[in-house]
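Student: To start, I am sharing the structure in question, which I have written as structure tokens.
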Amino acid sequence: MRDFKGVGERIEPRFGSGQLEGDAPPARSRRPAVERSEAVEVVGTSTPAARIIRDVLLDSADSGTAQSDFARRPKRVAPREQGYTKASPQGASKSRRPVAQKRNWQWNFTWLNRKFATVVFVLALAFGLYWISEPLAKVFERPIKSVVVEGEFNLISKTRATELIGDEIDGDFLQLNLMRLKGALLTDPWVEKVTLNRRWPDTLVVKITEQKPIARWGDGFLNQRGEIVRVEDATKLSGLPWLQGNEADAIEILQQYQDLSQILRSRGLEVLALKCDNKKSWRLTIKNHVEIALGRDQVMEKIRRFVTVYDTKLNSVWADVKAIDLRYSNGVAVRWVADSEMAKKYIKSQPQVGVAVPATKVLPQIN
């Protein structure tokens, strides 16, 4: 308590310092200010001490207006995290325990709605297809009215192709078995490829691609892939060169023919036949039925040597040449046609004529 100097003396209150030394902190009253003022009035002014206390209380109430605005401002309470309890009045916070949140057990019917909509759509689609299936069947069940046959008919006649197609057309436009029709056309040896197309509403288009014979082979021919194709009538292939040899070597023989033809064609010489025996010895027949023996090795080198001799010696007298032997390392042997000008010129002095390198060498006659 504060010490008073005398009765009736007024003591000014102190502000800002809070309390005097040695004084206990005043207890904060939770009662409203109105109740305090009423209590003071009840005490009355019977004694000087009471008047002093009343003056002190009144001065304290009036002096509150002199406090700074900072003291009047309400304290801002820091926001608390969700899930924790309030702090205690003494300032010590209680243990933070998460508050159990209420789970929302509301059902989500979105996936059920989607499945239900899907089922309804599928059922509606199936019902619609079933309802229009019979009218559609009547629309599509129609016979084929026309067949268009396309292609180059050099080896197989168009009449033959039409007969093969007619034997397989036994259904409606959509029920026609195209694979069976294609297989029937490919049974013909002259047909290499078949393309079938339906053209709405009732037309069938058939495109036929014929084989491309490169050379005759036995009772058939070789195509561009070296495959042997057998035919009943090979008279259509009379203008093609004739290749002979083992069937296992057909591709190699075809390649050798193409290489030799490329060199000889530049001189206007056409290959009529090429034969490869079991010993891999090559024999060539060219224009005017002149036979050329090539042997087993260095075939391309020998044919180049022949081209050189042909350009210098044999070009002008080619009609009198019957056979040529290239199975020599440094020359060629020529056999003339009997009773030809070249034969009469050379046969007077010797029974065979050789165009050799060197010229003095006589080469044997080709048997």
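The values are calculated or read from the model by the stated rules, or taken from the named source; none is laboratory data. Everything quoted here is computed from the prediction, not taken from an experiment. Counting neighbours? That spans all protein chains shown, and the Cβs are built from the backbone with ideal geometry, glycine included. Areas reflect the complete protein model, heavy atoms only, side chains present, ligands, DNA and RNA absent. Shrake-Rupley method; radii C 1.70, N 1.55, O 1.52, S 1.80 Å.
Student: Below 8 Å, C-alpha to C-alpha, sequence gap of six or more: please give me the relative contact order for the stretch 134-191 in percent.
Tutor: Computed value for the stretch 134-191: 40 percent relative contact order.
Student: Continuing with the same structure: Keeping the other protein chains in place, figure out the carbon and sulfur percent of the accessible area of the stretch 158-223, with a 1.4 Å probe. Write out the running numbers ahead of the final one.
Tutor: On the way: 1600 of 3370 Å².
Here carbon and sulfur together make up 47 percent of the probe-accessible area.
Student: DSSP beta bridges in the stretch 186-333, what fraction antiparallel, as a percent rounded to 5?
Tutor: 80 percent
Student: Taking every pair of Cα atoms in the stretch 283-324, average 1/r, invert it to obtain the Kirkwood radius, and report Rg/Rh to two decimals.
Tutor: Using only Cα positions, Rg/Rh for the stretch 283-324 is 0.96.
Student: Please state the relative contact order of the stretch 215-348 as a whole percent: Cα pairs under 8 Å, 6+ residues apart?
Tutor: It rounds to 14 percent for the stretch 215-348.
Student: Give, in nm to one decimal, the length gained when the segment between M342 and A124 is fully stretched (0.36 nm per residue of separation minus the Cα-Cα distance).
Tutor: So the chain would gain 68.7 nm between M342 and A124.
Student: Anything over 32 Å Cα to Cα? Flag those among K193/K322; K158/K275; K212/K279, in the order listed.
Tutor: Working: K193/K322 43 Å; K158/K275 35 Å; K212/K279 30 Å.
Exceeds cut-off: K193/K322; K158/K275.
Student: OK, next. Quick one: of K145/K236; K287/K313; K287/K344, which pairs are farther than 27 Å apart, Cα to Cα?
Tutor: K145/K236
Student: Once R0 is set to 35 Å, what does the formula 1/(1 + (r/R0)^6) return for the Cβ-Cβ distance between K313 and D277, expressed as a FRET efficiency to the nearest 0.05?
Tutor: 0.75
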